[in-house]
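For reference, the structure is listed below as structure tokens.
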Amino acid sequence: MAPIIQLDDLRKTYASSEEPVHAVRGVSLTITKGEFVAVMGTSGSGKSTLMNILGCLDRPTSGSYLLDGIEVSKLSRDQLSDLRNHKIGFVFQNFNLLARTSALENVELPMLYRRTPLSPAKQREKAMAALEMVGIGKRADHTPNQLSGGQQQRVAIARSLINDPVLLLADEPTGNLDSRTSIEILGIFQRLNAQGITVLMVTHEPDVANYSKRIIVMRDGKIRSDTQVAKRFDAAEELRNLPVETTP
Amino acid sequence: MRLQTSFHTAFRALLRNKLRSLLTALGIIIGVAAVIAMVGIGNGAKKQVEDQVAALGDNALMIFAGSSSRGGMSGGFGSAGTLTLDDAFAIKRDIPGVQGVTPEVEGSTRISSGNQNWFTRLNGVAADYFSIRMWNFSFGGPFEERDVKTAAKVAVIGKTTAVEIFGTEEEALGKVVRIRNVPFTIIGVLAPKGASFFGRDQDDTIVIPYTSAMKRVLGTKTIPRITVSVERGKSVAMVVEQITSLLLQRHRLPGDREPDFTIRTQEELTTMATATSKTMTTLLGFVASISLIVGGIGIMNIMLVSVTERTREIGIRLAIGARGSDILMQFLIEAVTLSLLGGLIGIGLAFLAAALIMHFSPMPVYITAGPILYSFAFSAAVGVLFGFYPARKAASLDPIEALRYE
Ligand SMILES: Nc1ncnc2c1ncn2[C@@H]1O[C@H](COP(=O)(O)OP(=O)(O)OP(=O)(O)O)[C@@H](O)[C@H]1O
Ligand SMILES: [Mg+2]
């Protein structure tokens, strides 16, 4: 299998006012197409820092990062923008949707920045399909403040997928959600993963991590352990087993 | 990003904060309106001067007492007292091609009729004056050479004066007015001419024979100005030359001495008058342009605030793949849209102001395409210029920093 992500001795040091903070100190890692990886670790262990670098939102201080065969650390600002636009989908803990902008328009947004623009009608159609796919087609014209956290995260996922990325990155995507909604979101990830999208997700909860196929644990900016998930949870099944009272 | 989409995004952002957008554009609105209205006022004045000087006839010329280079001009035309009535007679008698000649004396005076009083301009002229100035009559007619010879107590008055004292123009005809206690009979009411350059009302006047003015009212012996009209088809330059040598000879000035009079043809007067009003127009336009710049600074200020406020939005856009140039365009288009909308509203406001000014004052406002295009282009330039710095600031934000911004 072709590696989607290949890290070699990746480091990130923040030059703060007092002493430099070594947030990531030598991570080497290979993730191949079709994997579903959960990144765990204590607070401050460098998970978000790593994810931001993987998402081309930030640059490493040293080391190499090959994304789908491209050496990212040598790319220009604009080239990184283009990678974020069509190779990577990023899902944030706090959703990061544009306020006072409808769900549909939020999902359309990445298409506006495509180097090969689509017709407005085509954009609308794709965005609508993506919203249907994450199960909130009926809320297309709602703005984020008219949506629940879980619904907002669905919009964010639809947005991250709109330009058909090869890699989906999610930094604590269920951090702000209740357990049922979390499982629903994880169900979407599992479905996408089954369709061939590589998923990388940061989480604090072992339960959440168990929906993935591989768990990486970080500590002090380094990988502590890297294990395959033996008994993987299936979101669809878990949802069926949930007590009926909690169903909305 | 498509330009069309960028404009759409900009409009949305501006509509989201309608009041703020309006207040931000206010500087530009006022600036553009000021430029257009000011230049319009300047142009109106210019056009009026041109019309007036043209009304003098292109065959007219004026002789002023005093030399043009020795304070004659700066001290006011005709203040030197070197022209005499005999000069005027000599010109009429001796220069071929001269059609009409009128000495002109003037002063300000109080006139009265019954218990009505009015302070107005007094003009003492010859009978030729009305044909030289091409000034017609609403009622009655001009006085004649005979009246001038006898220093008759007859007067012709302007519309404003007539209305102020007698209520209507018709009423004035045949009535007696006292000019410094000397009774004059009104034999004509002049057709209205409107306001002059710098807003003086030309119809606020009373015109009497110069002989009467000099002897009975003003008590002067010299005349400040002689106006001459040249026969059609005769060369004005030739007449100027002949008058010059005649006056030099009459004033016994050897050829190397500077003449003690100044001759201005209609053409020169036009040039002088338009030069003055051009300067005024330019000055007004310049002052108004400053307000456009101030308006631009207002836009820059709000755009900077807006960039800071929307740091998170910028972070989100960058995170999903917007390039720096996309963000730059977004904010630049916002600034330009703001200034262009301001410009459009300003143009509307200028027309409104012009209508109001013309309604409530005698000042003509003459709006031309030039200042509209100029101020519109200027406001677009202001938008680009003052929007660029905030836009570049937005575009150079680091995606992760922007996303973390609280
Ligand atoms: N912009 C920054 N400047 C300086 N230090 C930073 C910056 N961002 C993160 N750090 C430091 O880097 C280290 C790793 O931070 P990071 O956010 O990657 O941790 P994390 O594993 O995501 O933690 P959490 O689980 O709490 O989200 C921390 O010590 C943090 O203080
Ligand atoms: Mg984190």
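The values are calculated or read from the model by the stated rules, or taken from the named source; none is laboratory data. Treat the numbers as computed from the prediction; the structure is a model and nothing was measured. Cβ: placed from backbone, ideal geometry, glycine included. Neighbour counts: every protein chain shown.
When restricted to residues that are hydrophobic (A, V, I, L, M, F, W, C) and either more than 16 Å from ligand 2 (Cβ to nearest atom) or facing chain B (nearest Cβ under 9 Å) (or both), segment A:38-93 contains 12.
As a summary of the residue check, B:VAL207 satisfies the conditions (1) crowded, with 18+ Cβ neighbours inside 10 Å; (2) more than 30 Å from the chain's Cα centre (by Cα) except for the one numbered (2).
In segment B:167-179, the residues that are over 21 Å from B:THR109 (Cβ atoms) never reach a residue that is assigned to a loop (DSSP other than H, G, I, E, B) with C-beta atoms less than 9 angstrom apart, at least six apart or across chains. Is at least one residue of segment A:85-104 over 29 Å from A:VAL39 (Cβ atoms), touching a helix residue (DSSP H, G or I) at 6+ places or on another chain (Cβ under 7 Å) and part of a helix (DSSP H, G or I)? Within segment A:85-104, one or more residues are over 29 Å from A:VAL39 (Cβ atoms), touching a helix residue (DSSP H, G or I) at 6+ places or on another chain (Cβ under 7 Å) and part of a helix (DSSP H, G or I).
Just a yes or no: is a residue in segment A:126-137 under 27 Å from A:ILE53 (Cβ atoms) and not small (Gly, Ala, Ser)? Yes, there is a match, as at least one residue in segment A:126-137 is under 27 Å from A:ILE53 (Cβ atoms) and not small (Gly, Ala, Ser).
Report yes if A:GLY26 is outside any strand (DSSP E or B), small (Gly, Ala, Ser) and more than 9 Å from ligand 1 (Cβ to nearest atom), otherwise no. In short, no.
If you filter segment B:325-349 down to residues that are among the β-branched types (Val, Ile, Thr) and more than 11 Å from B:ALA380 (Cα to Cα), you find that the one that is nearest to the other protein chains (Cβ to nearest Cβ) is B:ILE327.
Among the residues examined, A:VAL208 qualifies as within 16 Å of ligand 2 (Cβ to nearest atom) and either farther than 23 Å from A:PRO110 by Cα or not acidic (Asp, Glu) (or both). Taken residue by residue, segment A:212-223 has at least one member that is touching a Phe, Trp or Tyr at 6+ places or on another chain (Cβ under 6 Å) and charged (D, E, K, R).
Per-residue answers, yes or no, for (1) assigned to a strand (DSSP E or B); (2) touching a Lys or Arg at 6+ places or on another chain (Cβ under 6 Å); (3) not charged (D, E, K, R):
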position	(1), (2), (3)
B:PRO142	no, no, yes
B:ALA155	yes, no, yes
B:ILE165	no, no, yes
B:GLU171	no, no, no
B:ARG178	yes, no, no
B:ILE186	yes, yes, yes
B:ILE206	yes, no, yes
B:ARG216	no, no, no
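The residue that is farthest from B:ILE243 (Cα to Cα), among those in segment B:256-275 that are in contact (Cβ under 8 Å) with a residue 60 or more places away in the chain and in a helix (DSSP H, G or I), is B:THR274.
Within segment A:163-187, being away from ligand 1 (no atom under 16 Å from the Cβ) and charged (D, E, K, R) holds for A:ASP164, A:ASP178, A:ARG180, A:GLU184.
A count restricted to segment A:29-60 and to residues that are in a loop (DSSP other than H, G, I, E, B) and either within 12 Å of ligand 1 (Cβ to nearest atom) or of a type in the set (A, V, I, L, M, F, W, C) (or both) stands at 8. Kindly indicate whether A:ARG100 is buried (at least 16 other Cβ atoms within 10 Å of the Cβ), of a type outside the set (Val, Ile, Thr) and either more than 27 Å from A:ALA230 (Cα to Cα) or within 16 Å of ligand 2 (Cβ to nearest atom) (or both). Criteria not met by A:ARG100. B:GLU401 satisfies every condition listed in (1) at pLDDT below 90; (2) within 16 Å of ligand 1 (Cβ to nearest atom) except (1). Here segment A:207-235 is the region considered, the condition is being in a helix (DSSP H, G or I) and away from ligand 1 (no atom under 15 Å from the Cβ), and the residue that is surrounded by the fewest Cβ atoms within 10 Å (Cβ to Cβ) is A:ASP207. Between B:ALA402, B:ALA322, the distinction of being within 30 Å of A:ILE162 (Cβ to Cβ), outside any helix (DSSP H, G or I) and within 14 Å of another protein chain (Cβ to nearest Cβ) belongs to B:ALA322 only.
The residue of segment B:104-116 that is surrounded by the fewest Cβ atoms within 10 Å (Cβ to Cβ), among those that are without any contact (Cβ under 8 Å) to a residue 40 or more places away in the chain and more than 29 Å from the chain's Cα centre (by Cα), is B:ASN115.
Kindly indicate which of B:GLY44, B:GLY57, B:GLY31 is within 21 Å of the chain's Cα centre (by Cα) and at pLDDT 85 or above. Of the residues listed, the single one that is within 21 Å of the chain's Cα centre (by Cα) and at pLDDT 85 or above is B:GLY31. Contact map, segment A:100-115: residues that are under 14 Å from B:SER6 (Cα atoms) paired with residues that are among the basic types (Lys, Arg) and not in a helix (DSSP H, G or I), Cβ distance under 8 Å, separation 6+ or inter-chain. Pairs shown: A:LEU112/B:ARG2; A:TYR113/B:ARG323. Within segment A:77-91, does at least one residue satisfy the condition of being within 16 Å of ligand 1 (Cβ to nearest atom) and on the phi > 0 side of the Ramachandran plot? No, the conditions are met nowhere in segment A:77-91.
Kindly indicate whether any position in segment B:330-339 is without any contact (Cβ under 8 Å) to a residue 40 or more places away in the chain and under 30 Å from B:LYS278 (Cα atoms). No, every residue in segment B:330-339 fails to be without any contact (Cβ under 8 Å) to a residue 40 or more places away in the chain and under 30 Å from B:LYS278 (Cα atoms). Among residues that are at pLDDT 80 or above, assigned to a strand (DSSP E or B), farther than 30 Å from B:THR9 by Cβ and not charged (D, E, K, R), B:THR279 is not included.
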